[in-house]
Amino acid sequence: MTTTGAPAAAAPAPDDTAARTDQRPNVFRRILQGDLASVRVIFAIAVIWAIFQIANDRFLTAINLTNLMLQITAVGLISVGVVFVLLLGEIDLSIGAVSGLCAAVVAVLNVKNGWAPVPALIVGIALGMIIGVIQGSLSTGFGIPSFVVTLAGLLAFQGFLLLVLGDTGTVNINDDTLVGLANTFYSDEVAWIVAIVVIGLYAGTSVFRYISRRSAGLGNTQELVPLIVRVSLVAAAVIVTIAILNSDRGLPLAVIVLIAFVAGGEYIATRTGFGRHVFGVGGNAEAARRSGISVHRVRIAVFAISGTMAAIGGIFAASRLLAVNQSSGASDLLLLAIAGPVIAGTSLFGGRGSVWSALLGALVIGSISNGMDLLALESSVKFIVTGGVLLLAVIIDAVARRSRQAAGRV
């Protein structure tokens, strides 16, 4: 006899609340893993500024903040090239010596040999690029670690600096064009026009990118709110910065140049095939080679960028100091130029980072140095504090890398 039983009760749907909760973005975890390094750095800058303002009420004055921006220009420009080298997982220890040598060549050609400023600048910048190509070629062609090649370069280029300067030891710069690189300030009207252009470009590119992603089926409406927030924050930062600079001497040409190189470098790193190749080689050189990327060419090009930016940074440093001497490019310039991007989230292990870290890192390092100068602390204390900050940044980078590996991410 066949019996027909009542249909079995449907099994209750599994409670996936916990799973959905785990899938929600965890801001703290993303910061720990290095995805939101800029948030961490901006918070650190705010804390640093608050501490120094409490210690000395002149820190947040317009004149000191303008001086701070001028002080970080040379380091920030050099750091742009450093970021590309770090993205490869390499190091360039010669950038300080290269910056001093190239600045000395420009000064000697202009002052001692009577060259016009523009040809002298071209020669100085081209020299930096050639040095980068040579060092990159030696490292890749002979399989020598970049640490060794650039360490040898550091020593050799310091010798060339002394050779170029000759017996005088110091060359004073008085050409209006060269002096004006770091000492030109624009009026309030020009500054606000620049602000409008910057905000417009950032907002326009952000909206265009959002529309492109939606058209390709990659984006969703949930991305619209973060986009609006980012554009609003950038606009507010630009407006506040311009207002502060205008209340002192105006918008410095050096700041415009620094922002332009940082933005251009970020575009190259994130929006071009070359930039993707740099990240690919830094992440896994063998996999990049198997996928058809010319690893050697990428490495040589990156060291050429590093040498070029070192030359440009050295020229701006000489312009600000109105002279080149035997200590140009020495002291803590190398440390600061490398420490800045690392502090701001560019990994020493390669494959992760942002060119904006050159600017943010320079702000962190520059703020600490500027604040300690206002407090009249000894150089020994400054070196100890700066070294401690760099060590802390490296530890954070290592922890972030371990966290990513534990989560099964590269």
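The values are calculated or read from the model by the stated rules, or taken from the named source; none is laboratory data. Please read these numbers as outputs of a predicted model, since none were measured by experiment. Glycine gets a Cβ as well: all are built from the backbone with ideal geometry, and neighbour counts include every protein chain shown. The accessibility values were calculated without ligands, DNA or RNA, using every heavy atom of the protein model including side chains. Shrake-Rupley method; radii C 1.70, N 1.55, O 1.52, S 1.80 Å.
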For this session: Give the number of residues within the stretch 90-120 that are touching a Ser or Thr at 6+ places or on another chain (Cβ under 8 Å) and either aromatic (Phe, Trp, Tyr) or surrounded by fewer than 23 Cβ atoms within 10 Å (Cβ to Cβ) (or both).
Result: 4
Exercise. Are there any pairs with C-beta distances below 8 angstrom linking a residue in the stretch 240-257 that is within 19 Å of Ala74 (Cα to Cα) to a residue that is open to solvent by less than 10 Å² (accessible area, probe 1.4 Å) and assigned to a loop (DSSP other than H, G, I, E, B), with the two at least 6 apart or on different chains, and if so which?
Worked result: none
Problem set entry | Single unsatisfied condition, Ala288 versus (1) crowded, with 18+ Cβ neighbours inside 10 Å; (2) touching a residue at least 40 places away in the same chain (Cβ under 8 Å) | (2)
For this session: Run Ser306 past the list (1) open to solvent by 10 Å² or more (accessible area, probe 1.4 Å); (2) within 18 Å of the chain's Cα centre (by Cα); (3) under 27 Å from Val105 (Cα atoms) and report the number of the one that doesn't hold.
Result: (1)
Exercise. Which number in (1) basic (Lys, Arg); (2) modelled with pLDDT of 85 or more; (3) surrounded by fewer than 19 Cβ atoms within 10 Å (Cβ to Cβ) marks the one condition that Arg352 misses?
Worked result: (3)
Exercise. Does Val262 satisfy the criteria of being modelled with pLDDT of 95 or more, under 30 Å from Phe185 (Cβ atoms) and out of contact with any helix residue (DSSP H, G or I) (no Cβ under 6 Å at 6 or more places or on another chain)?
Worked result: no
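Yes/no matrix, rows are residues, columns are (1) within 25 Å of Glu286 (Cβ to Cβ); (2) modelled with pLDDT under 95; (3) not β-branched (Val, Ile, Thr):
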{"position": "Gln71", "(1), (2), (3)": "no, yes, yes"}
{"position": "Gly76", "(1), (2), (3)": "no, no, yes"}
{"position": "Val80", "(1), (2), (3)": "no, no, no"}
{"position": "Val83", "(1), (2), (3)": "yes, no, no"}
{"position": "Leu88", "(1), (2), (3)": "yes, yes, yes"}
{"position": "Ile91", "(1), (2), (3)": "yes, yes, no"}
{"position": "Gly100", "(1), (2), (3)": "no, no, yes"}
{"position": "Ala103", "(1), (2), (3)": "no, no, yes"}
{"position": "Ala107", "(1), (2), (3)": "no, no, yes"}
For this session: Would you please name the residue that is nearest to Trp356 (Cα to Cα), looking only at residues in the stretch 222-241 that are over 25 Å from the mean Cα position of the chain (by Cα) and open to solvent by 90 Å² or more (accessible area, probe 1.4 Å)?
Result: Val225
Exercise. How many of the residues making up the stretch 193-221 are of a type in the set (Val, Ile, Thr), more than 26 Å from Leu253 (Cβ to Cβ) and open to solvent by 80 Å² or more (accessible area, probe 1.4 Å)?
Worked result: 2
For this session: Among the residues of the stretch 355-385, write down those that are closer than 27 Å to Arg271 by Cα and either open to solvent by 30 Å² or more (accessible area, probe 1.4 Å) or within 11 Å of the chain's Cα centre (by Cα) (or both).
Result: Val355, Trp356, Ser357, Ala358, Leu359, Leu360, Gly361, Ala362, Leu363
